[in-house]
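The values are calculated or read from the model by the stated rules, or taken from the named source; none is laboratory data. Please read these numbers as outputs of a predicted model, since none were measured by experiment. Cβ placement follows ideal geometry from the backbone for every residue including glycine, while neighbour counts extend to all protein chains displayed. For the accessible areas, the whole protein counts, side chains as well, though only heavy atoms, and no ligand, DNA or RNA atoms are used. Shrake-Rupley method; radii C 1.70, N 1.55, O 1.52, S 1.80 Å.
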Amino acid sequence: MSVHKAYSISLAIAAAVSMSGCGNGGTESKPGDGAATGEVKDLAASKEPVTINFYRPFNATTEDDFNKMMGDAIKAKFPNVTPKFIPYDKSIGIEGLITSGADLDIVLLSIAFVPQFSKYNLQLDHTDLIKKYNFDMNRLEPTVVDYMKNFSGGGMYALPIFTTAETLMYNKDLFDKFGVPYPKDGMTWDEAYELAKKMTRTEGGTQYYGLMMSTSHMLRTNQMGIPYVDVKTGAPQIATDSFRKVIENFTRFYMIPGGEFKDKKPGEADLFLKSRTLAMYAYFNSTMVGAPEDMNLDAVTLPGFKDAPGVGSQMYPTYAGVVSTSKNKDYAFQVLSYLTSEEMQMKFAKDGTGLPIIKNNEKIIASFAEGKPRAEGQEHQSLLPGEACTDSAKKRIRRFGR
């Protein structure tokens with residue numbers, strides 16, 4: 001068996017295992033009690049002190065990060081609310097936190113970990129709260145809403161609060177060093193592969209690599225819109241020719257002669273941001289915001305497949321949901337609603353946290369990372385999928401660089 005084929009199979013197995021875990025979590029649990037009863041409690045008019053506990057598992061967000069991201073804004077909007085963040089501790093995990101009796105009100109999860117709501121019986125159908133507080137679901141992008149509705153069996157376990165998409169970042173200094181032209185918007189994956197071969201070399205005893213990516217995220221958000229499992233039949237899709245094509249497209253970048261990993265593969269992000277020996281890195285656009293400011297970086301649209309030109313990655317939203325065990329469901333939902341407001345959507349965009357999940361948002365998209373030193377103020381076309389990942393409608397998004 002070739003190294004290429006072995007690596008492709010390992011990726012496929014990893015994808016299957018990941019999806020299998022999510023599938024089990026999503027089907028074994030039953031919906032929690034979503035009925036919020038009693039009089040409407042207007043949090044904005046209330047003077048009653050209340051603490052809303054937030055939790056973001058599988059993420060390295062610190063309390064300081066949380067406050068900058070949303071905690072301080074929530075406190076300013078609702079002076080009687082104390083937003084408290086519980087950092088994720090790998091040693092105890094979600095189950096350990098729940099069994100410890102910790103109070104939780106709102107849990108934040110990326111789309112990959114949404115099944116954790118039902119796996120740990122934290123799911124709460126927000127339908128009654130949505131009606132009770134006249135929350136306008138039509139403001140939200142339908143794609144991210146439909147996913148949660150489908151997962152919730154027609155209900156709504158959480159609301160989207162921001163999203164992101166894949167882009168192709170590159171280290172301009174490395175391209176300048178080797179005299180190779182920069183990547184361009186609208187490249188195909190074949191063109192990116194030829195460029196990666198030119199950038200893969202050994203210089204002065206240092207190994208340089210052309211292009212890598214977070215393979216797990218690229219598979220989840222693949223541009224062909226192929227799921228791991230057929231939703232209707234439950235049949236695995238990883239053995240299909242179309243899915244194999246996607247996997248083999250990504251794995252070939254790791255098989256470029258001279259750039260193969262002989263031992264354990266290091267993290268792509270470390271190669272790109274720390275050792276700076278990786279020329280191009282395909283990952284979420286928000287990564288640019290947190291990159292070291294002394295790096296001479298830029299970004300172009302994600303390369304496309306020849307038979308699907310101009311198609312970008314699927315979106316990768318983050319959801320927030322009031323949990324079934326919350327003692328402050330009404331107040332927590334109003335805080336959650338505020339996170340979807342135009343005010344907070346603009347903040348998330350300007351801070352580079354994520355792209356908006358509300359419709360008619362060109363102005364907000366154009367402000368992405370505006371409040372960050374790395375943003376140049378230039379703009380370029382970057383794909384934001386519409387009703388399907390094959391939608392070629394483009395939106396404007398902030399470009400990065402020095």
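Multiplying each eigenvalue of the alpha-carbon gyration tensor of the stretch 229-340 by 5 and taking the square root yields semi-axes of 34, 25, 16 Å, largest first, rounded to whole angstroms.
In this structure THR167 has an accessible area near 10 Å², from a 1.4 Å probe over the protein heavy atoms.
Counting Cα-Cα pairs of the stretch 310-349 in 5 Å increments starting at 0 gives whole-percent bin shares of 6, 19, 19, 19, 15, 12, 5, 3, 2, 0. Straight-line cross-link partners of LYS149 among the lysines, defined as a Cα under 22 Å from its Cα and at least 8 positions apart when in the same chain: LYS30, LYS119, LYS131, LYS132, LYS232, LYS329, LYS359.
Where the eigenvalues come from the Cα gyration tensor of the stretch 32-109, what are the semi-axes √(5λ) of the equivalent ellipsoid, largest first, in whole Å? It would help to have the intermediate numbers written out before the result.
Details: eigenvalues 118, 65, 18 Å².
Sorted largest first and rounded, they come to 24, 18, 9 Å.
Evaluating 6.51 cos²θ - 1.76 cosθ + 1.60 at θ = phi - 60° for every residue in the stretch 333-344, the Karplus couplings come out as 5, 5, 5, 4, 4, 4, 5, 9, 5, 4, 4, 6 Hz, glycine and proline recorded as x. The loop-placed trypsin sites (Lys or Arg not before Pro) in the stretch 74-149, going by DSSP, that have at most 12 neighbouring Cβ atoms within 10 Å of their Cβ come out as LYS90.
Largest first, the extents of the alpha carbon coordinates of the stretch 92-138 on the three principal axes equal 38, 24, 14 Å.
For GLU342, GLU260, the ranking by accessible surface with the largest value first comes to GLU342, GLU260, using a 1.4 Å probe. If you sort the three axes of the alpha carbon gyration tensor as a ≥ b ≥ c, you get a/c of 1.5 or more for the stretch 240-301 and a/b no higher than b/c, which makes it oblate.
Accessible area per residue for the stretch 196-281 is 48 Å², calculated with a 1.4 Å probe on protein heavy atoms, without ligands, DNA or RNA.
The average projected area of the stretch 88-196, computed from the convex hull of its Cα atoms over all directions, is 11.6 nm². Ordering ILE364, ILE238 by accessible surface, largest first, gives ILE238, ILE364; the 1.4 Å probe counts only protein heavy atoms, with every chain in place.
Taking only the C-alpha atoms of the stretch 145-212, Rg followed by Dmax gives 19.8, 59 Å.
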